[in-house]
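The values are calculated or read from the model by the stated rules, or taken from the named source; none is laboratory data. Note that the structure is a prediction, hence the values are computed from the model and not measured. Note: ideal-geometry Cβ built from the backbone for every residue, glycine included; neighbour counts use all protein chains shown.
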């Protein structure tokens, strides 16, 4: 019985053990199943990762057998799965890229990793640039190379674009590390005149002129501190010693893995030159407006002085000592009128009487006069161009230009020298116009006056055309000679440029527009009227009280009946009240409230038979167009003498309708 119980217990124990083993087997199976599921998930995940990589993925062994690759490799190379399975990695490359890739693969298996840039060749021989990386792994004692390839087409294009910009840009591009030039493009070399060998390794501040070195240092420090910097301008010296202007912009970059600065360097010398021309032109325009206004007011004063001087002289006996004083007053007033004419010439407010003329004829006709003017110790040379084009200009004004420039040249050669006057036809193209402000491209006649005298520095040249600027000692010049030349040239539609160096002499070049018309043949001179007296009625309209009174007295001296008005409103009222005829309206051009031209038009509607004579010391578009007097206009230039006024009035009154 006992043996039977013992057998049952043993059987129960074995059952328990079997159950335990069965449970363990169940747990092991569950664990294995879970592991299998996890492995499957990991495989699916890894497959998904491999297929979603931004490029091509590949694994191959030391024998070059392709073990694994993603679908991207098939899509890009156009090879099928079966074809790639039979290929080796080097089969995707050609030429130098094949050799380069083979070296990189050997390096990866030997050192553990590598990168290489090469063109991947597709089945249809298309090439795509790739950055390929590889890492060595070891599984079960076998080495494999796991790699990734990234399409660098965009980067390659950017690099090519930058390379083209770097090598072919007309601006300078450079890289600086620790103030030393490390890289310079051909544009930088061309602008500075130095070769790459001469520039590399040198201090980047060496090119800047001394007064600008600190400015560049400060900008560089601000940039390195992260502060926002703006492009700055400075002067630099070329290899040939020329001082030029540059505009520079610098920012941070890296070069050979270290912090550096990259700069963009532009030659703006021509732009600065144009800016200076514009500034000079604007300054001259402002001074011209001021000078014209002064001349206008001063002309009124001179007309009054000369008028009262003439009236006084009419009442003086020649033996009276005051007769001589009066002559001196008139001479001084005449000199003053010369100054106002020069101011008007500078401000381009003269009344021109242009005709089609030949500059050659003018130069030839003035040779004898010029030889006497410059003296025996100065040689006069004329170089006249054959078949010179004609110009439309005021003959007297062009003669004044030649005279003024000749006198200026003479004074620049105190110990003798050579004065050369040249003429030629000139074609100023768009290129010339881009570097010379306000020059319209076209055909011109060039008149050049050169001397080999003292010359001028740049500072002097910047002011020579300004009125009252002179390098002569006090009392030797008014400073209006070149200002007059400038104004005449500009009012004639031309351009003037000066070229000068200290000790090398000076050349003034004047360009006047060519015209296709025939040169005007001078006609007979106008016959001067000798009978100055008259009995007609004249209405004088002048806002300056002193001048209005002296004109009225002068006209009465010559027998005229005179009505006066200070402005257009008074003149209209006077005309309405006057019952008898008014034969002539003598009016200033510039009047308050209503201009002289408008007044004349309104009065001639009331009195169609009334003639008009304008007077002014300052041109106004009411009676001129670009300084040229309208053909139907009678004009009296201030300042004038009473005698000249009486003669002009007589001419107007005696001229038939």
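Would the stretch 394-401 turn up any residue that is in a strand (DSSP E or B) and at pLDDT 80 or above? Break it down into steps so the answer makes sense when it comes.
Looking only at the stretch 394-401, we keep the residues that are in a strand (DSSP E or B), and these are none.
Within the stretch 394-401 (the criterion being in a strand (DSSP E or B) and at pLDDT 80 or above), the answer is no, since none of the residues qualifies.
Pick from the stretch 127-140 the residues that are under 52 Å from the mean Cα position of the chain (by Cα) and more than 22 Å from residue 83 (Cβ to Cβ): which of them is surrounded by the most Cβ atoms within 10 Å (Cβ to Cβ)? Don't jump to the end; show me each part of the working.
We begin by selecting, within the stretch 127-140, every residue under 52 Å from the mean Cα position of the chain (by Cα); these are 127-132.
With more than 22 Å from residue 83 (Cβ to Cβ) added as a condition, the list becomes 129, 131.
Details: 129: 18, 131: 16.
Once the filter is applied, the top-ranked residue is 129.
Could you say which residue among 181, 148 is free of Cβ contacts under 8 Å to residues at least 40 places away in the same chain, touching a strand residue (DSSP E or B) at 6+ places or on another chain (Cβ under 7 Å) and either not assigned by TED's automatic domain parsing to the domain that holds residue 245 or not in a helix (DSSP H, G or I) (or both)?
When all the criteria are applied, what remains is 181.
Mind listing just one residue for me: the one in the stretch 350-400 that is more than 26 Å from residue 517 (Cβ to Cβ) and in contact with a helix residue (DSSP H, G or I) (Cβ under 9 Å, 6 or more places away or on another chain) and, of those, surrounded by the fewest Cβ atoms within 10 Å (Cβ to Cβ)?
In this case the residue turns out to be 375.
Look through the stretch 197-211, keep the residues that are surrounded by fewer than 18 Cβ atoms within 10 Å (Cβ to Cβ), modelled with pLDDT under 90 and not in a loop (DSSP other than H, G, I, E, B), and return whichever of them is nearest to the chain's Cα centre (by Cα).
211
Quick grid of which residues meet (1) under 25 Å from residue 387 (Cα atoms); (2) out of contact with any strand residue (DSSP E or B) (no Cβ under 9 Å at 6 or more places or on another chain); (3) modelled with pLDDT under 70:
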| site | (1), (2), (3) |
| --- | --- |
| 470 | no, yes, yes |
| 473 | no, yes, yes |
| 481 | no, yes, yes |
| 486 | no, no, no |
| 494 | yes, no, no |
| 497 | yes, no, no |
| 502 | no, yes, no |
| 509 | yes, no, no |
| 513 | yes, no, no |
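Residue under question is residue 147, and the condition is that it be at positive phi and at pLDDT below 90; does it hold?
Numbers: at positive phi: no; at pLDDT below 90: yes.
Here the answer is no, as residue 147 does not meet what is asked.
Need at least 3 residues that are more than 60 Å from the chain's Cα centre (by Cα), at pLDDT 90 or above and under 12 Å from residue 145 (Cβ atoms) per element, so show me which helices (runs of 4 or more DSSP H) inside the stretch 1-116 make the cut, counting only ones lying wholly within it.
Details: elements: 2-52, 71-77, 81-85, 95-111.
Filter on the stretch 1-116 gives 95-111.
Take the conditions surrounded by 14 or more Cβ atoms within 10 Å (Cβ to Cβ), within 33 Å of the chain's Cα centre (by Cα), outside the structural domain of residue 462 (by TED's automatic domain parsing) and at pLDDT below 80 and apply them to residue 286. Does it pass? Can you show your working first?
Working: surrounded by 14 or more Cβ atoms within 10 Å (Cβ to Cβ): no; within 33 Å of the chain's Cα centre (by Cα): yes; outside the structural domain of residue 462 (by TED's automatic domain parsing): yes; at pLDDT below 80: yes.
No: the conditions fail for residue 286.
Tell me the strands (runs of 3 or more DSSP E) entirely within the stretch 564-652 that contain at least 3 residues that are at pLDDT below 90. Steps first, answer last, please.
Values: elements: 584-588, 611-616, 635-637.
Per the criteria, 611-616, 635-637.
Within the stretch 70-81, can you find the residues that are touching a helix residue (DSSP H, G or I) at 6+ places or on another chain (Cβ under 7 Å) and surrounded by fewer than 17 Cβ atoms within 10 Å (Cβ to Cβ)?
Answer for the stretch 70-81, where residues must be touching a helix residue (DSSP H, G or I) at 6+ places or on another chain (Cβ under 7 Å) and surrounded by fewer than 17 Cβ atoms within 10 Å (Cβ to Cβ): 71, 74, 80, 81.
Which residue is farthest from the chain's Cα centre (by Cα), if the candidates are limited to the stretch 232-243 and must be within 15 Å of residue 265 (Cβ to Cβ) and either part of a strand (DSSP E or B) or at pLDDT below 85 (or both)?
Ranking the qualifying residues of the stretch 232-243, first place goes to 237.
Among the candidates 124, 119, single out the residue that is assigned by TED's automatic domain parsing to the domain that holds residue 92 and either surrounded by fewer than 13 Cβ atoms within 10 Å (Cβ to Cβ) or not in a strand (DSSP E or B) (or both). Write out each step before concluding.
On the way: 119 fails: either surrounded by fewer than 13 Cβ atoms within 10 Å (Cβ to Cβ) or not in a strand (DSSP E or B) (or both).
That would be 124, the only listed residue that is assigned by TED's automatic domain parsing to the domain that holds residue 92 and either surrounded by fewer than 13 Cβ atoms within 10 Å (Cβ to Cβ) or not in a strand (DSSP E or B) (or both).
Considering the stretch 245-272 alone, what residues qualify as being in contact (Cβ under 8 Å) with a residue 40 or more places away in the chain and under 17 Å from residue 211 (Cβ atoms)?
Once the filter is applied, which keeps residues that are in contact (Cβ under 8 Å) with a residue 40 or more places away in the chain and under 17 Å from residue 211 (Cβ atoms), the stretch 245-272 yields only 246.
Go through 67, 84 for me and flag whichever is touching a strand residue (DSSP E or B) at 6+ places or on another chain (Cβ under 9 Å) and buried (at least 16 other Cβ atoms within 10 Å of the Cβ).
Details: 67 fails: buried (at least 16 other Cβ atoms within 10 Å of the Cβ).
From the options 67, 84, the qualifying one is 84.
Just checking, how many residues over the stretch 88-105 are over 17 Å from residue 117 (Cβ atoms) and either surrounded by fewer than 16 Cβ atoms within 10 Å (Cβ to Cβ) or not assigned by TED's automatic domain parsing to the domain that holds residue 58 (or both)?
Filtering the stretch 88-105 down to residues over 17 Å from residue 117 (Cβ atoms) leaves 88, 91.
Filter once more, so that each one left must be either surrounded by fewer than 16 Cβ atoms within 10 Å (Cβ to Cβ) or not assigned by TED's automatic domain parsing to the domain that holds residue 58 (or both): 88.
Total satisfying the criteria: 1.
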